[in-house]
Amino acid sequence: MTGWKFSVRDVSGNIVSDYDGSPWVVGEWREHEGALKECIGFNCSPTIPQALGFVQGTVLAEVEYEGDAIASENKVTARRMRLARVWDWGTAESVRLAVDAAESVIGLYESSYPADGRPRAAIVAAKRWLEEPSNENRKAARAAAAAAYAAAYAAYAAAYAAYAAAYAAY
């Protein structure tokens, strides 16, 4: 089975666990001794965004696991695991992933709020920073992100108010 996890590099450049600093070597199996419980063993996630939710590391690894495993919706805890492939992961990779995720759902927002361009403007600002990561573009992306957050919060507040009204009538 395969999954994804983030790790970090130590001062010598070796890949180590963000949890306990133990070393990871690509291709070498590691085995957890003792009882296997959720979060107690070797952890990975089915998708990269889920993995990023647990550890915001600087190394992305595609992992293989085998043997006993406990699976939940967004995480697998396994007895045996190894790093199959690794990539360095930085700010630009996180921005690309966020842009891709935002673009996959922006149509849902725009169909409900067609006059609100703030989320689209945030995507454009992030792409501009990717093309030219200047301080000016970073500041513009930060301002656009704050505006998009305000739009999302307003949409959430409106939806929650409607839910509360309907629930009260129930």
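Per-structure values
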item	result
Mean projected area (nm²) of the alpha-carbon convex hull when segment 1-72 is viewed from all directions	4.8
Given 13 as the ceiling on other Cβ atoms within 10 Å, longest exposed-site-free region of the chain for GluC sites (Glu not before Pro) in DSSP loops	74-170
Whole-Hz couplings from phi, Karplus 6.51/-1.76/1.60, listed for segment 90-101; x for Gly and Pro	x, 4, 4, 5, 5, 5, 4, 5, 5, 4, 4, 5
Phi-based couplings in Hz for segment 117-129 (Karplus 6.51, -1.76, 1.60; Gly and Pro marked x)	x, 4, x, 4, 5, 5, 4, 4, 5, 5, 5, 4, 5
Nonlocal Lys pairs with alpha-carbon distance under 19 Å, the chain (8 or more apart, or different chains)	4
Karplus 3J(HN,Hα) series, Hz, for segment 25-41 with 6.51 cos²θ - 1.76 cosθ + 1.60 (x for Gly, Pro)	10, 4, x, 8, 6, 10, 10, 7, 8, x, 5, 9, 9, 3, 6, 10, x
Calculated log₁₀ intensity ratio I(q)/I(0) where the Debye formula runs over C-alpha points of segment 1-42, q = 0.16, 0.22, 0.23, 0.28 Å⁻¹	-0.48, -0.88, -0.95, -1.22
Residue-count net charge about Arg96 - beta-carbon cut-off 14 Å; Lys, Arg +1, Asp, Glu -1	-3
Mean ellipticity per residue at 222 nm, deg cm²/dmol - from DSSP H runs of n ≥ 4 across the chain, formula -39500 (n - 2.57)	-15500 deg cm²/dmol
Residues whose placed amide H lies under 5 Å from that of Ser17, excluding near-sequence neighbours	Ser22, Trp24
Value in Å of the Kirkwood radius, where the chain supplies the Cα pairs that are averaged	18.6
Listed residues Trp24, Ile106, Ser12: farthest to the positive end of the dipole of the chain (Cβ charges)	Ile106
Hull volume in cubic angstrom per residue (convex hull over the Cα atoms of segment 68-122)	116
Neighbour net charge for Gly53 - beta-carbon separation under 14 angstrom, K R +1, D E -1	0
Semi-axis lengths, Å, segment 88-170, gyration tensor of Cα atoms, sqrt of 5 times eigenvalues	31, 13, 11
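Only the coordinates and a few stated rules stand behind these numbers; no lab work does. Just so it is clear, the model here is predicted, and its values are computed rather than measured. Heads up, the Cβs are rebuilt from the backbone with ideal geometry, glycines too, and the neighbour counts pull from every protein chain shown.
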